[in-house]
Amino acid sequence: MVILDWAQWWYGAGLRRRVQLLGRRIGKAVDFFSIPLLLKTLFAPFRQISAEKSYSAGLETRARMVVDRMVSRLIGGVMRIFVIVAGLVVLTVLAVWSILVLACHVLRPALVVVCVVLFCMGWALLKNVEWLQNVKF
């Protein structure tokens, strides 16, 4: 009865909790990188300090302000693209890791049973490794 209760918890509430924890971790990564916000503001100016709007300035000053704004937008776009790519890489790794963790969670009890059966059959994982035969335990 204890084994059935444990299995019911493991594949029920335990699995749900594992999925929630992995989902929270992915949610935190999405929030940290905020890819949708970065895409919306992809070419927004980046830290414009000297590019002020001045309608009474001369033609040379206005041209410099336009160039300053364009350079600022270019720098902002490049930085945001790097952050988006890094975020997508991290999210991909987290997604693959989460799938592996869930697979291990589901298969772990079966792995114990398989190992016990193999042990009872006399199968050893390290039986054919030559350099281990010379090691004294």
Quiz item: Is there a residue being closer than 30 Å to Trp6 by Cβ, modelled with pLDDT of 70 or more and exposed (fewer than 10 other Cβ atoms within 10 Å of the Cβ) anywhere in segment 60-71?
Solution: no
Practice problem: Test Ala95 against the stated conditions and say whether it is at negative phi and modelled with pLDDT of 90 or more. | Solution: yes
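The values are calculated or read from the model by the stated rules, or taken from the named source; none is laboratory data. Remember, it's a predicted structure, so these values are computed and weren't measured experimentally. Every residue, glycine as well, gets a Cβ built from its backbone with ideal geometry; the counts of neighbours run over all protein chains shown.
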